[in-house]
Amino acid sequence: MPHPCLSCGACCASFRVDFSACETQERGGDVPDGLAVEVTDTLRRMRGTDHSPPRCAALTGRVGVQASCGIYEWRPSPCREFEPGSAACERARLRHGLGAYPDH
Ligand code: SF4
Ligand code: SF4
């Protein structure tokens, strides 16, 4: 069975994604500068994640159908640390009408 995240993407269209400015390419990290919005001198936010409704500018595809991160290898730490099946994951899925994280 394919990984449930491949037909989801709800977390990338539910929460603000903030991370250290050190993670941007501009400061020697991996996150492409064009996708990072400056919040303060030390804080960056994934573009689109504070829109209403939120949707990360790096997300491709359609939430709940087929979705993937366009910068998967270069995504910021909150995305790397986000746990499928966690309470936050379940909240995101619920928000998009996707039901509980499935066993797989
Ligand atoms: S909300 Fe959960 S299941 Fe959906 S993509 Fe994010 S981690 Fe995966
Ligand atoms: S950078 Fe990728 S994993 Fe992180 S919120 Fe955006 S689309 Fe999702």
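Please treat every number below as a calculation from the coordinates, not as lab data. Computed from a prediction, not measured in an experiment: that's the story for all the values here. As a convention, Cβ positions derive from the backbone with ideal geometry for all residues, glycine included, and neighbour counts pool all protein chains shown.
With just the Cα atoms defining each centre, how far is region 73-104 from region 1-37? Give it in Å.
13
What order do you get for 49-56, 15-22 when each peptide is scored by the mean count of other beta carbon atoms within 10 Å, highest first?
Highest to lowest by the protection proxy: 15-22, 49-56.
For all pairs of alpha-carbon atoms in region 23-72, what percent lies in each bin of width 5 Å, listed from the first bin to the last filled one?
Final binned percentages: 5, 19, 26, 23, 15, 7, 3, 0.
Taking the Cβ-Cβ separation of CYS22 and TYR72 as r and a Förster radius of 25 Å, what is the calculated FRET efficiency to the nearest 0.05?
0.80
So if we plug the beta-carbon distance of THR42 and SER7 into 1/(1 + (r/R0)^6) with R0 = 35 Å, what FRET efficiency do we get, rounded to 0.05?
The formula returns an efficiency of 0.45 here.
Apply 1/(1 + (r/R0)^6) to the Cβ-Cβ distance of HIS51 and ALA100, taking R0 = 25 Å, and write down the FRET efficiency to the nearest 0.05.
The computed FRET efficiency comes out at 0.40.
Using only the alpha-carbon atoms of the chain as identical scatterers, what base-10 log of I(q)/I(0) does the Debye formula give at q = 0.10, 0.14, 0.21 Å⁻¹?
-0.27, -0.52, -1.07
Which ³J(HN,Hα) values in Hz, rounded to whole numbers, follow from the phi angles of region 60-77 under the Karplus curve 6.51 cos²θ - 1.76 cosθ + 1.60, where θ = phi - 60° and Gly and Pro get x?
With coefficients 6.51, -1.76 and 1.60, one gets 10, x, 10, 4, x, 10, 8, 9, 8, 8, x, 10, 3, 6, 10, 5, x, 4 Hz.
Listing GLU83, GLU90, GLU23 from the residue with the fewest other Cβ atoms within 10 Å to the one with the most, what is the order?
Ordered from fewest to most neighbouring Cβ atoms within 10 Å, GLU83, GLU90, GLU23 come out as GLU83, GLU90, GLU23.
Tell me, MET46, MET1 in order of fewest to most beta-carbon neighbours within 10 Å?
Ranked by crowding around the Cβ, least crowded first: MET1, MET46.
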